[in-house]
Amino acid sequence: MNSVEFRTGVIKPVEVYKEAWAMIKDQYWLVFAVVLVGMLIGGAIPIVLIGPMICGIFLVLLNKYEGRPVDFGDLFKGFDYFLPSLILAILITVPIIIMVVGMYVPMIAMAMTGPRMSENELMGFIAGVFAVELVFAVIMVCLHTLLMFSFPLLVDKKLSVIESVKLSARAVWKNMKGVVGLFLVGFVVMFIGYLALCVGIYLTLPLVFAAQAVAYRKVFPAAPTGNFQPPPPTVYQGL
């Protein structure tokens with residue numbers, strides 16, 4: 001496995017969102033176009049295209065973080081990672097499909113057998129279904145949280161799917177407090193957008209993606225470029 005180090009305790013949710021906004025505000029509408037087009041294309045053929053599009057979005061945002069201007073064409077460079085991103089998308093989305101199907105099957109069964117059930121049996125059945133679905137939903141949230149760095153690891157560190165999944169899980173686990181706070185702040189941001197006639201939620205997506213990119217870069221610093229920069233003279237004061 002490639003040796004990729006990560007840092008801990010560096011995700012300060014509010015500061016991450018402030019930095020993310022400062023990063024994209026000068027080219028906000030172009031970033032918005034990248035995210036919107038990426039999500040639309042990704043949703044056109046679910047699972048198959050969503051992976052490359054997410055990779056492309058992170059390529060754009062990581063370039064922006066490094067001070068390079070946003071290039072809309074970089075979105076489609078996500079297809080350079082088509083196979084690994086497809087496998088990763090399957091790992092993430094298939095359990096969701098199973099959960100959704102699992103929700104409908106009991107409901108259909110309940111509709112068919114409901115007239116033959118007593119009120120107590122019916123209430124017990126409904127309570128059991130919701131309890132199972134709640135547990136499954138919690139598991140899915142935990143799984144997706146642990147994999148939040150997987151896509152940027154594919155494009156930034158050139159890791160395999162298994163390596164990116166394992167490393168993402170380790171990094172998230174070691175930064176769990178900051179990651180949970182990041183999701184809570186993101187929820188508040190998107191909820192505020194939702195209150196803005198619902199349309200505002202789409203306007204918050206670039207900021208949410210940018211915050212994830214900033215958080216990723218804080219945990220996984222960019223590799224040295226090899227260009228040595230001498231320290232400022234103040235470093236040697238007092239020596």
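Structure values in brief
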{"read-out": "Segment Phe72-Leu195, length gained on full extension (0.36 nm per residue, minus Cα span)", "value": "41.4 nm"}
{"read-out": "Residue order for Ile90, Ile192 - accessible surface, 1.4 angstrom probe, largest first", "value": "Ile192, Ile90"}
{"read-out": "Accessible-area composition of the chain, carbon plus sulfur, in percent [1.4 Å probe]", "value": "72"}
{"read-out": "Average accessible area per residue (Å²) across the chain - probe 1.4 Å, nucleic acids and ligands excluded", "value": "57"}
{"read-out": "Candidate lysines - alpha carbon under 20 Å from Lys174, same-chain residues fewer than 8 apart omitted", "value": "Lys12, Lys157, Lys166, Lys218"}
{"read-out": "Environment charge of Asn63, counting only residues whose C-beta is closer than 9 Å and scoring Lys/Arg +1, Asp/Glu -1", "value": "-1"}
{"read-out": "Thr204, Thr8, ranked by accessible area, largest first (probe 1.4 Å)", "value": "Thr8, Thr204"}
{"read-out": "Expected 222 nm ellipticity per residue - DSSP helices of 4 or more, -39500 (n - 2.57), all of the chain, to 500", "value": "-23500 deg cm²/dmol"}
{"read-out": "Glu5/Asn120 FRET efficiency (R0 45 Å; Cβ-Cβ; nearest 0.05)", "value": "0.20"}
{"read-out": "Gaussian network model of the chain, springs between alpha carbon atoms under 10 Å - residue of Pro95, Pro13, Pro84 with greatest fluctuation", "value": "Pro95"}
{"read-out": "Simple Cβ-charge dipole of the chain, Lys/Arg +1 and Asp/Glu -1, about Cα centre, in debye nearest 20", "value": "520"}
{"read-out": "Phe191 - accessible surface, heavy atoms, 1.4 Å probe, Å² rounded to 10", "value": "100"}
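The values are calculated or read from the model by the stated rules, or taken from the named source; none is laboratory data. Being a predicted model, the structure only gives us computed values, none of them experimental. Positions of Cβ are generated from backbone atoms using ideal geometry, with glycine treated the same way; all protein chains shown enter the neighbour counts. Surface areas here come from the heavy atoms of the whole protein model, side chains and all, with no ligands, DNA or RNA. Shrake-Rupley method; radii C 1.70, N 1.55, O 1.52, S 1.80 Å.
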